[in-house]
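Contents: one structure, followed by commentary.
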Amino acid sequence: MTFTVQKNTAITGVEKRALQWDDVRYFLELARTGSLSGTARRLGVEHSTVARRVEALEQSLGIRLFDRLPKAWSLTAEGETLVAQAGRLDDEAQAFSRVALGVSSLQGTVRLSAPPVLAGQFLVPRLAAMRSRWQNIDLEVIGEARDANLARGEADLAIRMSRPTAAGLAARAIGDMGYGLYAAHGYTRRPADAWEFLGYDDSLDQVPQQRWLTQVAGNRRFVLKSNDLTALLNATRVGLGIAVLPHFLAANDDALSLVPDPVCTTVRKLWLVMHPDVKRSPRVRLLADLLVEVVVEAQALLLGNAPE
């Protein structure tokens, strides 16, 4: 006689509650990340909220979706079966939200994702000066180095410095951004072979302006590397070394001088990106038009050609 022992993943003795879509969303994110802390960061909640939501879903379904391991939550066989369907539900929910945005009015919220310094130092001041033209819109500006997932509704619009590769996105080149070598006043009076440099760290060492700076530096020393452009700007301002900086950020800074030689020929295109479903939204279209206007009007500054 052969005995087969199977783990029972059904939850018994617990009164079922009505299924809630938000519980499914927490389940899907936890399945993708594998940890309570990672899911909590992604969703902007406490890890206890994630655990509570997933446990509520398990009670609703009457099955156990995860094995609780010391360092991770691992999907059970039942969880594996349901996660693909949860992903399809999530796609449908995001599509519903995009279509709803498309039939909305000039009132409401628009979320804009852009690189942090470009967002904070360039876009926000100029959009603020146009406030009367979007006065019924609440604008959320998300400064982030990563590309927001527009299909999942993480943002309605994005400004990116490279053409998106994800399928199904509408992208338009709206301008160019140039760079130059900048240093604190008087820094370049020292011999050129004594110059020291400030640059991006390894996470960004392949961006075009950093590759150019690495060639210029040659065997000379990088005394500071960072993934934070503001840190590089401030280090340059106090005379720590020479950095390649976007003209819009450095050209009008009273503490900095443009190093005339060598000339940085790196030019990055600025791309306005959105999901096609949101193009029908009047408020998204309005903000998109204003962003184009902002970039076009500032082309001389962005390329370092603005009069002093």
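The values are calculated or read from the model by the stated rules, or taken from the named source; none is laboratory data. These numbers come from a predicted model, not from an experiment. Cβ coordinates were reconstructed from backbone atoms using ideal geometry, including for glycine residues, and neighbour counts include every protein chain displayed. Keep in mind that these areas ignore ligands, DNA and RNA; they rest on the heavy atoms of the full protein, side chains included. Shrake-Rupley method; radii C 1.70, N 1.55, O 1.52, S 1.80 Å.
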- [ ] Check segment 270-291 and report whether any residue there is within 21 Å of Ala119 (Cα to Cα), surrounded by fewer than 14 Cβ atoms within 10 Å (Cβ to Cβ) and out of contact with any strand residue (DSSP E or B) (no Cβ under 7 Å at 6 or more places or on another chain).
- [x] yes
Task: Output for segment 163-180, where each listed residue is among the hydroxyl-bearing types (Ser, Thr, Tyr) and either surrounded by 12 or more Cβ atoms within 10 Å (Cβ to Cβ) or in contact with a strand residue (DSSP E or B) (Cβ under 9 Å, 6 or more places away or on another chain) (or both) - done: Tyr179
Task: Enumeration of residues in segment 91-120 that are modelled with pLDDT under 90 and surrounded by 19 or more Cβ atoms within 10 Å (Cβ to Cβ) - done: Arg98, Leu101
Task: Matching helices (runs of 4 or more DSSP H) fully within segment 17-65 where at least 1 residues are aromatic (Phe, Trp, Tyr) and surrounded by fewer than 17 Cβ atoms within 10 Å (Cβ to Cβ) - done: 21-33
Task: Residue in segment 200-210 that is open to solvent by 30 Å² or more (accessible area, probe 1.4 Å) and touching a strand residue (DSSP E or B) at 6+ places or on another chain (Cβ under 6 Å) present - done: yes
Open item on the list: Would you confirm whether or not segment 134-146 contains a residue that is closer than 24 Å to Gly87 by Cβ, in contact with a Leu (Cβ under 8 Å, 6 or more places away or on another chain) and in contact (Cβ under 8 Å) with a residue 40 or more places away in the chain?
Closed with: no
Task: Conditions (1) touching a helix residue (DSSP H, G or I) at 6+ places or on another chain (Cβ under 6 Å); (2) open to solvent by 80 Å² or more (accessible area, probe 1.4 Å); (3) not small (Gly, Ala, Ser): number failed by Asp147 - done: (1)
